[in-house]
Amino acid sequence: MEVQKPDVFIAMQGISKAYPGVQALSNVDFSIHSGEILALVGENGAGKSTLMRILAGASRPDAGSIVADGREVTFDSTAAAHSLGISTIYQELMLIPDLSVLENVYLGHLRENRWGMLDWSGMRRDAGDLLSRLGYAGSLDTPVCELSVAEQQLVEIAKALTRKCRLLIMDEPTAPLNREEVEHFFDIVRGLQASGLSIVFITHHLNEIFEICHRVVVLRQGERVGEAMVSELSESRLVELMLGRTMAHGLQSKRSIAHLNAKIALDVQAISTPDLLKDVSFSVHKGEVVGLAGLMGSGRTEILRVLYGVDKPSAGTIKIDGEPVMFSGPREALAGGVGLGPEDRKSEGLVLSMPIRFNATLASMDRYSGTFAILKGKEAARVKALCERLEVKYNSIEDSVGKLSGGNQQKIILARLLDADVDIFLLDEPTRGIDIGAKEAIFELVRELADKGAAVVFVSSVIEELLRVCDSIVCLNLGRVTGVQQREDFSMPQIMLNVMGSDSDTLGNSPDPASLLA
Amino acid sequence: MKRLRFIDSNILILASLFLIAGLVSPHFWTPENLLNVARAASLIGIIAIGMNVVIITGGIDLSVGSVVALVGALAASFTILGLPIYATVFLTLAVAALVGLVNGSMVAHLGFQPFVATLVMMTIVRGVGLVYTDGQPIYVDYPPAIEFLSRGELLGLPVPAILFVLVTLVTWYVMRFRTIGRQMYTIGSNERAACLAGVPVRRTKLIAYVYCSVLAGLSGLILTARMGSGEPGQAGVLWELDAIAAVVIGGTALLGGRGSVWGAFVGALVIGILSNLFNLMGVDPEWQNVAKGAIILLAVLVPVARGWIGVNGDRGMRHG
């Protein structure tokens with residue numbers, strides 16, 4: 001992976017960008033050499049995407065300059081970036097599902113012949129050549145919605161390459177791919193690099209960084225905090241760079257580990273799904289909060305969906321209180337004492353236009369069905385009591401739930417699960433998009449539930465949150481469990497490594513986080 | 001507050017139409033004519049109440065007009081075959097329920113779009129009626145008990161109108177006070193959230209379609225009793241659109257999740273009054289359609305216009 005004496009293609013200097021309330025980037029220097037594969041890494045919110053958006057011309061910096069081939073340039077549109085040969089492939093692929101492969105490849109830059117007619121035969125020839133070199137074996141006329149994600153990615157790459165392309169920016173390209181697809185993808189990237197293209201990966205995945213990248217640039221909270229050649233870098237050093245010294249807190253609060261003597265409430269044994277999960281096993285005791293840590297596409301949500309009976313696993317067993325169960329859907333799961341707080345509060349969790357009262361009792365309606373009518377008085381009293389207990393801020397329980405703040409909406413979902421008397425709480429990102437105060441309240445509530453004997457599975461993208469609230473943490477990467485830690489051994493760097501795809505204890509058995517960062 | 005305002009707005013529309021109709025044609029206000037209006041409005045009205053339920057769950061039912069025709073043909077034929085009255089009524093309504101069951105299964109279990117599923121059934125059911133009767137109307141002398149459905153009077157009120165009011169009351173009660181009613185609103189508002197919260201989405205949808213279809217069957221029985229014939233080709237043509245129009249005039253959102261039973265009730269009356277008025281005034285049938293369309297547009301514009309002038313015209317939060 002030795003690179004020739006690099007000549008700089010793009011140099012970004014002193015780039016700053018603020019959004020209301022956030023300094024997304026401050027004074028970042030960032031350069032890309034011709035023909036190198038560069039990894040841009042950092043935690044969520046570190047500023048990676050902002051930096052790449054600026055480079056793609058999709059966003060303008062508040063300060064700083066961009067020099068391309070030694071000449072200063074300004075990108076006031078994505079077209080300007082395109083004209084310099086910079087193409088970006090976003091995580092959500094920008095393809096039109098119903099158009100064919102060929103039409104998508106030339107989307108936005110259709111070629112005409114000298115009579116002003118579309119040159120389909122020329123485009124077909126060139127796209128065919130290109131795609132077959134990329135290893136796409138299918139037809140050019142297939143609508144892209146019928147392709148696998150990996151194939152769609154090839155179409156995106158072909159789309160970039162049919163323009164003048166010197167730099168390809170890719171945002172977490174391997175996240176949606178399976179193992180073999182990732183290998184194939186790496187081969188393609190190596191081929192592109194060999195032909196002189198520069199490639200930037202925004203990535204969280206260690207295998208991407210260490211298998212194919214030459215150089216790593218690390219951002220943290222909008223600043224460039226490190227840069228290294230991959231060949232001179234260890235995994236632990238990388239994580240240290242990403243985390244900085246911010247991680248020490250959160251580990252202090254020692255909790256009783258009484259749950260370890262309790263019975264196992266939920267036992268997940270080797271569940272797999274056709275497209276993602278592979279042999280996922282973990283267990284949750286009564287009174288225990290188990291965190292699922294993982295990136296997008298790691299399978300967190302999918303695990304909860306299987307447990308809740310929404311999706312069917314292709315293999316594996318789920319036991320509740322020792323009894324094997326296989327729920328046919330949410331209704332059965334609720335009856336079996338399992339409740340889900342969905343990931344997307346607004347579209348899956350709540351019926352926003354309906355009153356708080358309706359939303360809070362949606363899963364426990366049977367309790368309020370009288371002989372002739374819904375027992376409105378009983379229902380209202382119960383909902384008020386629940387709101388009181390969860391400290392929901394509201395005017396009237398007849399107000400639509402959409403009027404509440406995000407944190408209070410989340411509490412209504414918890415109220416619903418409480419009212420449905422579930423013993424196993426599956427909470428998918430319950431703290432996403434809510435303010436600090438509400439987060440604290442949710443943490444406390446989750447702990448309280450556990451102290452009363454509930455089993456909780458808690459999903460969060462923010463590892464610090466898991467460190468605070470969980471008794472143990474299951475790390476996931478691409479649908480596999482890559483590590484499990486108990487509270488007394490919690491180590492942020494280790495979780496980070498596992499989440500990024502490194503198996504087991506890379507840092508040793510009893511890592512002392514402080515020594516790592518000393 | 002909100003509830004008051006909605007009752008106001010619906011009653012307001014009805015009252016003003018009543019007033020205008022009387023001023024335009026003095027004959028309108030005669031008791032005889034008013035009973036005629038009630039009788040005529042009931043046929044579409046009963047269907048509109050069922051349609052309203054389906055639309056609240058986020059669906060639509062285009063097959064109701066065909067159900068009217070099929071039920072009429074079957075009732076006529078069963079009567080000629082000498083089946084007892086109760087068997088005739090029960091069997092025809094059972095066939096209507098079956099159509100609803102197929103509609104509902106296609107939507108809830110097979111995932112068809114409601115428009116497509118019920119369009120398919122609209123065509124098939126109409127066709128089945130024509131095949132069954134060889135495309136010919138069946139003329140029949142109904143026994144008094146069936147004639148009573150259309151021509152009878154109780155306490156001086158026409159039976160169809162009484163049925164219409166009864167159906168409205170029962171539906172209002174169920175939609176407003178029963179669990180299943182709330183579940184229908186929930187499904188129409190956010191089906192995914194409803195499903196994840198354990199609401200029995202499929203079963204509830206199925207019930208909505210069956211209910212709508214049975215009400216169309218009831219309307220079909222009244223119609224055939226009135227005409228003394230089963231008309232597989234002519235009966236109920238375009239009635240699905242009249243029913244949808246009544247629902248829309250009543251302020252129910254076609255997107256689902258919102259709308260009131262009384263809105264559909266008033267909507268059906270509005271359509272009934274308009275047809276009656278046009279007839280009294282001697283308006284050409286061709287122009288009647290144009291005028292009807294314009295008035296539907298007007299009714300739909302009212303809430304929009306309220307938004308324009310800044311009055312809180314949210315007619316959405318009505319449940320029941």
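Where helices (runs of 4 or more DSSP H) sit wholly within segment B:185-304, those with at least 2 residues that are away from chain A (no Cβ under 14 Å) occupy B:201-227, B:239-249, B:261-281. Counting only residues that are assigned to a strand (DSSP E or B) and more than 8 Å from chain B (Cβ to nearest Cβ), which one in segment A:329-386 is nearest to the chain's Cα centre (by Cα)? Only one residue fits best here, namely A:GLY341. Scanning segment B:121-136 for residues that are among the charged types (D, E, K, R) and either out of contact with any Pro (no Cβ under 9 Å at 6 or more places or on another chain) or more than 13 Å from B:GLY236 (Cα to Cα) (or both) returns a single hit, B:ASP134. Can you confirm whether segment B:148-170 contains a residue that is modelled with pLDDT under 95, over 18 Å from the mean Cα position of the chain (by Cα), more than 9 Å from every other protein chain (Cβ to nearest Cβ) and in a helix (DSSP H, G or I)? Scanning segment B:148-170, I find at least one residue that is modelled with pLDDT under 95, over 18 Å from the mean Cα position of the chain (by Cα), more than 9 Å from every other protein chain (Cβ to nearest Cβ) and in a helix (DSSP H, G or I), so the answer is yes.
Restricting attention to segment A:368-409, the residues being in contact with a Leu (Cβ under 9 Å, 6 or more places away or on another chain) and of a type in the set (S, T, N, Q) number 4. Output yes when any residue across segment A:361-371 is surrounded by 24 or more Cβ atoms within 10 Å (Cβ to Cβ) and either in contact with a strand residue (DSSP E or B) (Cβ under 8 Å, 6 or more places away or on another chain) or outside the structural domain of A:GLY402 (by TED's automatic domain parsing) (or both), and no when none is. Scanning segment A:361-371, I find at least one residue that is surrounded by 24 or more Cβ atoms within 10 Å (Cβ to Cβ) and either in contact with a strand residue (DSSP E or B) (Cβ under 8 Å, 6 or more places away or on another chain) or outside the structural domain of A:GLY402 (by TED's automatic domain parsing) (or both), so the answer is yes.
Quick grid of which residues meet (1) within 30 Å of A:GLU92 (Cβ to Cβ); (2) modelled with pLDDT of 90 or more:
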site	(1), (2)
A:MET242	yes, no
A:ARG255	no, no
A:VAL306	yes, yes
A:VAL310	yes, yes
A:THR317	no, yes
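It is to be established whether one or more residues within segment A:470-483 are within 15 Å of A:SER281 (Cβ to Cβ) and either assigned by TED's automatic domain parsing to the domain that holds A:ARG389 or of a type in the set (D, E, K, R) (or both). Yes, that holds for at least one residue. Scanning segment A:305-327 for residues that are closer than 17 Å to A:ALA270 by Cβ, touching a residue at least 40 places away in the same chain (Cβ under 8 Å) and within 14 Å of chain B (Cβ to nearest Cβ) yields a single hit, A:LEU307.
Looking across segment B:214-230, the residues that are under 21 Å from B:ASP61 (Cβ atoms) and either touching a Leu at 6+ places or on another chain (Cβ under 8 Å) or β-branched (Val, Ile, Thr) (or both) come down to B:VAL214, B:GLY217, B:LEU218, B:SER219, B:GLY220, B:LEU221, B:ILE222, B:LEU223, B:THR224.
The helices (runs of 4 or more DSSP H) located wholly in segment B:1-103 that include 3 or more residues which are without any contact (Cβ under 8 Å) to a residue 60 or more places away in the chain occupy B:2-24, B:31-56. Of the candidates A:LEU93, A:LEU102, A:LEU84, the single residue that is more than 23 Å from A:VAL225 (Cα to Cα) and free of Cβ contacts under 8 Å to residues at least 60 places away in the same chain is A:LEU102.
Pairing residues of segment A:385-403 that are on the phi < 0 side of the Ramachandran plot with residues that are of a type in the set (Lys, Arg) and at pLDDT 90 or above, at Cβ distances under 8 Å and at least 6 apart in sequence or on separate chains, gives A:CYS387/A:LYS411; A:LEU390/A:LYS411; A:VAL392/A:LYS411; A:ILE397/A:ARG357; A:ILE397/A:LYS384; A:GLU398/A:ARG357. A single entry from B:ASN276, B:ASN312 fulfils the requirement of being at pLDDT 55 or above and not hydroxyl-bearing (Ser, Thr, Tyr): B:ASN276.
The values are calculated or read from the model by the stated rules, or taken from the named source; none is laboratory data. Keep in mind it's a predicted model, so treat the numbers as computed, not measured. For neighbour counting, all protein chains shown are included, and Cβ atoms are generated from backbone atoms with ideal geometry for every residue, glycine included.
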